[in-house]
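Visitor: Okay, handing you the structure first.
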């Protein structure tokens, strides 16, 4: 509906919300990625459904603990290369206020693509009525906000049972926590990783979903791949990994530089060179491919689209400093950090690492999860280690217990000073690897913007 033809009260509410976003940016309070939506939802609680009605070609929603931002970015590129102009929350504001802000800014886009917070998904899916919902994974994250994984799994189970039959479900077959969400007779497009060459010797001690949601018995693995993801089966009942319809049949990892991937689909193979490192990004690419197939996009479009996708801010983003590159790898929970460590260990030679840990609302105020991270294999490979953030001293204690020598551990809560030190200690011409928690990543990027080597995250994409 054009602004000029809207009822006057709705037009006024939309105008006030847009003005709030402008004020937020001018006052330096951020990019206005959530404020307009928050204001509008106070004025018009049904605004998401109102605005989503303007998306003539519908919408898709992606939710997960890890990987939703990157997967949304990969799928957006597939849609764009297929000729669809996409409206997306590329700045990562994935609660109701962020989704509303993006919808409020729509011009002529016909399709909406939204990454959505795990707990917010049921309410937002009800308002958006998407054509496709992608359920990627559930890992332990922000325990003080979410509680245990069962809390979110139950929310998702209720969502699945209430979904209209016309909504397509794309689900990760490798996550046992998603296998028993009450799909009933609903058709599910399962995706997963079939290549077991990267399987772990055993399931990590901090793996999250170790029990069958149907009968409560233990889950056993023929091939553990990433945290609790892998080829699994219940040891008591008949619940087991579904055979993926869309599967990563070959994954050739190239350290921090990327990977080559082959994904099988019902319509042919997708072969791509990804600029995204690590097995976790193989999962992200496979999820995006499955969603693209569900939306009717052909493999010959998907292959180059995946290859053309650049990393999202803070997710394998590379920034050029004065004397070296910095590679930023978001590290916000045990599964994610362990995968980043695993990826770093594929590199040759000594490593220069800076780790940032905050305990703000968006991070989760309980940082005890760092004791479930397997930092130990990293220590023999470190040339320099700088620890920063609000909880830098917690990290220092964790590394001391991990066996790091006192002279290796350099703790500096002040981020600019920590960055100065880390860049001095890092090898000239090499790479400084930054592993920050979520708000520590935002702090780091803000400092990089201040130094003129990065752009604001809300301008990304």
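Visitor: Output the antiparallel fraction of DSSP beta bridges having both residues in the chain, as a percent to the nearest 5. Don't skip to the answer; put the middle values down first.
Guide: Numbers: 26 of 67 bridges.
Roughly 40 percent of the DSSP beta bridges within the chain come out antiparallel.
Visitor: Still on this model: Relative contact order of the range 315-459, please, whole-number percent, based on alpha carbon pairs below 8 angstrom and at least 6 residues apart. Each step should come with its number before you reach the end.
Guide: Values: 253 pairs, mean separation 50.0, N = 145.
Once divided by the residue count of the range 315-459, the mean separation gives 35 percent.
Visitor: Next up: Given the peptides 420-430, 438-448, arrange them by the average over their residues of other C-beta atoms within 10 Å, most packed first.
Guide: Details: 420-430: 15.8, 438-448: 21.1.
Going from most to least packed, we get 438-448, 420-430.
Visitor: In nm, to one decimal, how far is the modelled label at residue 400 from the one at residue 374, with both set 7 Å along Cα→Cβ?
Guide: 2.6
Visitor: Another question about this same structure. What's the FRET efficiency of residue 427 with residue 106 using the Cβ-Cβ distance as r and R₀ = 45 Å, to the nearest 0.05? Can you show the working numbers first?
Guide: Details: r = 47 Å, r/R0 = 1.03.
For R0 = 45 Å, the calculated efficiency reads 0.45.
Visitor: Dividing the convex hull volume of the Cα atoms of the range 46-308 by its residue count, what figure in Å³ per residue is obtained?
Guide: Details: hull volume 32.5 nm³, N = 263.
Given the Cα convex hull of the range 46-308, per-residue volume reads 124 Å³.
Visitor: If you don't mind, there's one more thing I want to ask. Within 10 Å, count the other beta carbons around each residue, average over each peptide in 253-262, 330-339, 70-79, 84-93, and list them highest first. Intermediate values should be presented prior to the final figure.
Guide: Numbers: 253-262: 18.2, 330-339: 24.2, 70-79: 26.8, 84-93: 20.8.
Descending packing order for the listed peptides: 70-79, 330-339, 84-93, 253-262.
Visitor: So, in Å, what gap is there between the alpha-carbon centers of the range 326-389 and the range 29-79?
Guide: 30
Visitor: What do you get for Rg/Rh of the range 167-224 when both radii come from the Cα atoms and Rh is the Kirkwood radius?
Guide: Working: Rg = 12.9 Å, Rh = 13.0 Å.
Here Rg/Rh amounts to 0.99.
Visitor: Report, as a whole number in µm² per second, the diffusion coefficient that Stokes-Einstein gives for the range 111-246 at 25 °C and 0.890 mPa s using the Kirkwood radius over alpha carbon pairs. Walk me through the numbers before you get to the answer.
Guide: On the way: Rh = 15.6 Å.
D, rounded to a whole number, is 157 µm²/s.
Visitor: I need the peptides 321-327, 240-246, 402-408 ranked by packing, meaning the mean over residues of other C-beta atoms within 10 angstrom, with the highest value on top. It would help to have the intermediate numbers written out before the result.
Guide: On the way: 321-327: 16.3, 240-246: 19.1, 402-408: 12.3.
Output ranking for 321-327, 240-246, 402-408: 240-246, 321-327, 402-408.
Only the coordinates and a few stated rules stand behind these numbers; no lab work does. This is a predicted model, so every value here is computed, not measured. Cβ sites come from the backbone with ideal geometry, for glycine too, and all protein chains shown count toward neighbours.
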